[in-house]
1. Kindly check whether there is at least one residue in segment 68-76 that is in contact with a Ser or Thr (Cβ under 9 Å, 6 or more places away or on another chain) and within 8 Å of the ligand (Cβ to nearest atom).
2. The conditions are (1) touching a Gly at 6+ places or on another chain (Cβ under 8 Å); (2) within 12 Å of the ligand (Cβ to nearest atom), and ASP227 fails exactly one of them. Which is it?
3. Where residues in segment 93-119 are within 10 Å of the ligand (Cβ to nearest atom) and out of contact with any strand residue (DSSP E or B) (no Cβ under 6 Å at 6 or more places or on another chain), which of them is most open to solvent (accessible area, probe 1.4 Å)?
4. Please specify each residue of segment 58-92 satisfying the condition of being over 21 Å from ALA18 (Cβ atoms), open to solvent by 10 Å² or more (accessible area, probe 1.4 Å) and in a loop (DSSP other than H, G, I, E, B).
5. Give the residues of segment 1-57 that are near the ligand (Cβ under 8 Å from one of its atoms), among the charged types (D, E, K, R) and open to solvent by 30 Å² or more (accessible area, probe 1.4 Å), sorted by residue number.
6. Checking LEU201 against (1) open to solvent by less than 70 Å² (accessible area, probe 1.4 Å); (2) away from the ligand (no atom under 15 Å from the Cβ), only one condition comes out false. Which one?
7. Which residue out of ALA239, ALA202 is under 30 Å from PRO3 (Cα atoms) and in contact (Cβ under 8 Å) with a residue 60 or more places away in the chain?
8. (1) farther than 23 Å from TYR44 by Cα; (2) out of contact with any Leu (no Cβ under 9 Å at 6 or more places or on another chain): which one isn't true of ALA215, the others all being true?
Amino acid sequence: MSPRVALVTGAARGIGAATTRLLAEQGWRVLAVDLAADDPALPYAMGTAAELSTVADHPNVIALIADVRDRRALTAAVAEAEDRWGGLDAAIAAAGVIAGGRPLWEVPEDQEDAVLDTDLRGVVNLARAAIPALLRRPAPRSGRFLAVASAAATRGLPMLAAYCAAKAGVAGLVRALGAELGDSGVTANAVSPGSTDTPILAESARLYDLPEAAAFASQQPMARLLDPAEVAAVLVFLAGAESSGMTGSVVPVDGGLAL
Ligand SMILES: NC(=O)c1ccc[n+]([C@@H]2O[C@H](COP(=O)([O-])OP(=O)(O)OC[C@H]3O[C@@H](n4cnc5c(N)ncnc54)[C@H](O)[C@@H]3O)[C@@H](O)[C@H]2O)c1
């Protein structure tokens, strides 16, 4: 059997990097996509080209710098994966940003745009670019469209309204895609992480005037932050053929935060 092929966005660090690494270890070929540059609208650093190169320092991984807000760039990325490895089996939207820290109507518009455009539109862009490729695989298919939503998809978190709106949008998108994809063999699912130890959580702590990200641990019944590898493990299961009974699901991976 030829190896399965994945495209992962937000792959330079955090959950996207952990997912890329685990897929590669399991023999997948992975196109690791990241902006790999700071966003002038946002006050914290994005993943870097050096971090993306480190993730791609594996024979099964190729790095590609692209912005998920750029639909044509994602279409080109999908074409790159298909040309290089003969098709696409999983597209995983992990790229995301956070902003807020004040009521919605006081958040600078460029920050609101960054959140909505990356966290929701970026996922829609990947679905548009990648699902046709997943469907180009001959039947019987086991294509997987996956997105990283958030506990914020179901909770009204103050000072993070645009982020909550985008993540609820991702959950709705995945449910509708699951229905649309029907009996095609291609499925759409999402995970909703709780507080996971990555730079976006450090920025969330800053937005809430907390001393450090570890302060979020007490909100989760497990009383600790999650490791990105724990979220990646669920994404990699969902990417595999073994998740064939699931579509339109939004799976909490949150140490019990949603309980
Ligand atoms: N860490 C948490 O506690 C947590 C909780 C719930 C959901 N999430 C979600 O998990 C996903 C991954 O976040 P993370 O925790 O790994 O954060 P992170 O900040 O470590 O990683 C996000 C990555 O996305 C990249 N990125 C940002 N904008 C991009 C764009 N426009 N195009 C391409 N790449 C872009 C960044 O460069 C970075 O490498 C995000 O969607 C986030 O909203 C995280």
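1. To start, the set of residues in segment 68-76 that are in contact with a Ser or Thr (Cβ under 9 Å, 6 or more places away or on another chain) comprises 68-69, 74.
From what's left, within 8 Å of the ligand (Cβ to nearest atom): 68-69.
So far as segment 68-76 goes, yes, one or more of its residues are in contact with a Ser or Thr (Cβ under 9 Å, 6 or more places away or on another chain) and within 8 Å of the ligand (Cβ to nearest atom).
2. Here ASP227 meets the rest and fails (1).
3. Our first condition is that a residue be within 10 Å of the ligand (Cβ to nearest atom); within segment 93-119, this holds for 93-98, 114-115, 117-119.
If we keep only those that are out of contact with any strand residue (DSSP E or B) (no Cβ under 6 Å at 6 or more places or on another chain) as well, we get 96-98, 114-115, 117-119.
Details: GLY96: 30, VAL97: 7, ILE98: 5, ALA114: 4, VAL115: 1, ASP117: 65, THR118: 12, ASP119: 1 Å².
Only one residue fits best here, namely ASP117.
4. ASP67, ARG69, ASP70, GLY86
5. Of everything in segment 1-57, those that are near the ligand (Cβ under 8 Å from one of its atoms), among the charged types (D, E, K, R) and open to solvent by 30 Å² or more (accessible area, probe 1.4 Å) turn out to be ARG13, GLU51.
6. (2)
7. Every option except ALA239 fails the conditions.
8. (1)
The values are calculated or read from the model by the stated rules, or taken from the named source; none is laboratory data. Predicted model, so just to flag it, every value in this text is computed and none were measured. Cβ coordinates were reconstructed from backbone atoms using ideal geometry, including for glycine residues, and neighbour counts include every protein chain displayed. Calculation scope for accessible area: heavy atoms of the full protein, side chains included, ligands and nucleic acids excluded. Shrake-Rupley method; radii C 1.70, N 1.55, O 1.52, S 1.80 Å.
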